[in-house]
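Student: Pasting in a structure now, in structure tokens, and then I'll have a few things to ask.
The values are calculated or read from the model by the stated rules, or taken from the named source; none is laboratory data. As the structure is a computational prediction, the values presented were derived from the model and not from experiment. As a convention, Cβ positions derive from the backbone with ideal geometry for all residues, glycine included, and neighbour counts pool all protein chains shown.
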Amino acid sequence: MDSPIHGEGVTVRALFERNSFALDYYQREYTWTRHEVGTLIDDLSRRFLDQWDPLRENDEVGDYAPYFLGPYVYHESDGRTFLVDGQQRVTTLHLLLIYLRQLLLDQEKWIYADELEGLTYTARHGKRSFKVGSSEELARAQLLNSLVTDWNGLKGFTLPEDAHVSVRNLHDRSREIDEDFPERLRDEALVPFVRWLLDRVCLVGIRALDQENGREIFVSMNDRGLRLSHVDLLKGHLFRRVSPRAREELGRAWADMLARLTTAETDSPDAGTPSAYVRSFLLARYAHFDEASADAAEIGRAAHEWILRNEVQLGLDHPAGARDFVERLTEVSERYCVLLRARQDYRPDLAAVFFNGYNGIDDQFTLLLSVVSPDDTDAVFLQKCSMAAAFLDLVYVRRCVNNLPVQRRDLDQIVRRLIPLLRICRTADDVAAVLGRETSLLEYDFREIVSFGLRANNRRLVRYLLARMTAHVQRACEGGDHDYDFLQGRRDYEIEHIWANRFERYRAEVETTAEFHLRRNRLGALLLLPKSVNASFRDDPYERKLEHYYAENRLAASLHPKSRLRNTPFTKYLKASGLDSAFRPCPEFGVREIELRQHLYRLLCEEIWNPDRLGFRLPVIGVPAERPTARRRYGVEVTDLIAAGLIPPNAKIFRTVKGEVHFATVEEDGTIRLDTGQPFPSLSAAGAAVAGTRACAGWDVWRIERDGVAIPLKRLREEAINRGLVTVP
């Protein structure tokens, strides 16, 4: 006899083609965090990129292995489909499709963008009805409408003070999707990825009979038959190894550990779970990270099974060793919870932990645990962790200002190379020496900040840099600690453009609108001001703005000619820091002043992220350079074409955007440097920068002149392959 409850496998395309989902009364909250959304994006991108070949045709993604996203439960009533279980995944997929449509529009892939439009909403009489949610939820509809219109700017939408938790989370996740979406999927991989996502990523829909039956299934799937967790299984194995007399004492310590971890206040629930802690502890203290080792993957998949396979090496095959392991695990958990709280609640002695949390560097906890010892005093513990977190912050910022990817996966290699070096450090001085040496080997510094500026996908980063610089100058003049105030304090600070968005005012200094926007968005042409203040004069001429700046923070006020008059704290800071000549007042603000300000911001960044100031002990001159070999992204690189003689070093390339031609130079190491001075690691990143978009198929849009003919670089790549001039991986 057939089951009255039916299940059916569906692709993502079919999921949204066939359904417009409403949310049942017991399934209304959207609560996924940045970590959970990032993990989904990571899983999808890795599965796709493991199979993708840029030289294959788009329609071949139909041969790629499928990916299963799990089940969802629904019931139908009055022609509507109600989600019973699976709202988190379905809502996230919906948000992701809206974002992917924006990227496709950036690349002018109109057909594919229209296809996603039909999967995310329907439009009647000028009003959009979205595929997930209720049209009666006004704030949610307004948010989604704003994302469809302008993802980055959220035009016309202000998050209400009393916004529902689902709307607030959707708002936050939308911003973070843009920050965490892989660079490798923003170029020519974008269209194949979208096709794969729609047609090869699958779910299983379970149709309940009615609302009540749906509620019963929801309860059954979420509340009953809970299996033992990896931590429960680990406890059972370890406690069998310890002596019976020790079990009671260790049992209390274990229970205390679980209580601490489950009550630690953090906005990253995954990091605060016992399983997450055990994984981080094992990776930090015991895992091998050489290429031949699968420790990291195995620990991530099932930590207790990895321990069973390695119990001899861990010393768990005898009672004393098992007891020592349990004691260390439970004791270190106390300090792990301190770090978890510092990620959310700013404290000056662990400020970099908070900064890393703000920037979404969740993997910091594994690195920090590699320097933690239960035998350290509180002061030593704080000093070690502060330095380790500050190193991650330094790497993050340096990569950012050099326009390099800084997503979680991009820091994995650095973290995993550092852990074995840090876990053998016994003192804070040992940690300082290791981090000093690693800092001296970093390839990138702050020199490229002279051409750095605001782009379509780095607003949060630019705001972070401005907040850190503003707080640094404020602290130097007034004392106290101001970082939290400018990052997440009560006053809502936002980026202020010193140049108003009026091209006609600056025609004497810039020739085209493209140059105007580039100059206007340079870091040196930006400040951080309270939102209420900024909104009141954003279109005013500079001469009027200057009086407002004088009344605000010290960095903004420094533009005013009177900023040094009767201002002893400020002049003392200028003298002590050696920045007197760099802090030039600006009665007028043109291109020259932007460049001067850009130089000042470079000096401030070098002061804030000075390795000595961060506590690192730099090595003496003569340390051999042992920089890790950079990994190839995939396929053929620009450097391959240079080596094959198809592109001469320092060749000029160009692309056209809205009738304006933009030029760049291909440097010998493959860096694409715009004529405005900005360097980029790829054709796609450079192409997106000049177009002011988040995505660009770089090989398609950049051209080079050969015998008077403009040839797409993609054609040169094909020529190199066909002639056997390059080896395709």
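Student: From THR39, THR33, THR81, grab the single residue that is under 29 Å from ASP410 (Cβ atoms), touching a Ser or Thr at 6+ places or on another chain (Cβ under 8 Å) and modelled with pLDDT under 90. Break it down into steps so the answer makes sense when it comes.
Tutor: Details: THR39 fails: touching a Ser or Thr at 6+ places or on another chain (Cβ under 8 Å); THR81 fails: under 29 Å from ASP410 (Cβ atoms).
Just one listed residue meets the conditions, THR33.
Student: Here is a list: LEU528, LEU574. Which entry is within 12 Å of ILE498 (Cβ to Cβ) and buried (at least 18 other Cβ atoms within 10 Å of the Cβ)?
Tutor: LEU528
Student: Let me ask something additional. If you scan the range 655-713, which residues turn out to be part of a strand (DSSP E or B), in contact with a helix residue (DSSP H, G or I) (Cβ under 6 Å, 6 or more places away or on another chain), of a type in the set (Val, Ile, Thr) and in contact (Cβ under 8 Å) with a residue 40 or more places away in the chain?
Tutor: VAL657
Student: Which of the residues belonging to the range 607-630 are in a loop (DSSP other than H, G, I, E, B), over 23 Å from THR427 (Cβ atoms) and modelled with pLDDT of 90 or more? Even if it seems obvious, please write down each step before you answer.
Tutor: Initially, the range 607-630 is screened for residues in a loop (DSSP other than H, G, I, E, B), giving 609-630.
Adding the requirement that they be over 23 Å from THR427 (Cβ atoms) leaves 609, 621-622, 624-630.
The answer is TRP609, and nothing else.
Student: Quick test for you: out of VAL312, VAL219, pick the one residue that is of a type in the set (A, V, I, L, M) and either at pLDDT 85 or above or under 24 Å from ASN356 (Cβ atoms) (or both).
Tutor: Selected residue: VAL312, the only one of VAL312, VAL219 that is of a type in the set (A, V, I, L, M) and either at pLDDT 85 or above or under 24 Å from ASN356 (Cβ atoms) (or both).
Student: Another question, then. For the range 654-689, which positions are among the hydroxyl-bearing types (Ser, Thr, Tyr) and closer than 22 Å to LEU103 by Cα?
Tutor: Scanning the range 654-689 gives THR656, SER682, SER684.
Student: Next question, about the same structure. If you scan the range 420-445, which residues turn out to be surrounded by 19 or more Cβ atoms within 10 Å (Cβ to Cβ) and closer than 25 Å to ARG522 by Cα?
Tutor: Within the range 420-445, none qualify.
Student: Among the numbered conditions (1) part of a strand (DSSP E or B); (2) loosely packed, with under 15 Cβ neighbours inside 10 Å, tell me where PRO587 comes up short.
Tutor: Every listed condition holds for PRO587 apart from (1).
Student: Something else now. Take the residues in the range 471-506 that are outside any helix (DSSP H, G or I) and over 30 Å from the mean Cα position of the chain (by Cα), then tell me which one is surrounded by the most Cβ atoms within 10 Å (Cβ to Cβ). If you could, list the steps in order and put the result at the bottom.
Tutor: Initially, the range 471-506 is screened for residues outside any helix (DSSP H, G or I), giving 479-482, 489-502.
Those still in the list that are over 30 Å from the mean Cα position of the chain (by Cα) too: 479, 502.
Details: GLY479: 9, ARG502: 11.
Ranking the candidates gives ARG502 first.
Student: Then there is this: Which condition breaks for PRO374 when tested against (1) modelled with pLDDT under 95; (2) more than 21 Å from ASP429 (Cβ to Cβ)?
Tutor: (2)
Student: Please enumerate the residues belonging to the range 548-571 that are assigned to a helix (DSSP H, G or I), surrounded by 18 or more Cβ atoms within 10 Å (Cβ to Cβ) and in contact (Cβ under 8 Å) with a residue 24 or more places away in the chain. Spell out the reasoning first.
Tutor: As a first pass, look at the range 548-571 and keep what is assigned to a helix (DSSP H, G or I): 548-550, 554-557, 568-571.
Next cut, surrounded by 18 or more Cβ atoms within 10 Å (Cβ to Cβ) only: 548-549, 554-557, 570.
Scanning the range 548-571 gives ARG554, LEU555, ALA556, PHE570.
Student: Give the number of residues within the range 657-686 that are in contact with a Phe, Trp or Tyr (Cβ under 6 Å, 6 or more places away or on another chain), closer than 23 Å to TYR444 by Cβ and not charged (D, E, K, R).
Tutor: Of the range 657-686, the ones in contact with a Phe, Trp or Tyr (Cβ under 6 Å, 6 or more places away or on another chain) are 661, 663, 672, 675, 683, 686.
Next, from what is left, pick out any that are closer than 23 Å to TYR444 by Cβ: 672, 675, 683, 686.
After this cut, where a residue has to be not charged (D, E, K, R) as well, the list is 672, 683, 686.
The total comes to 3.
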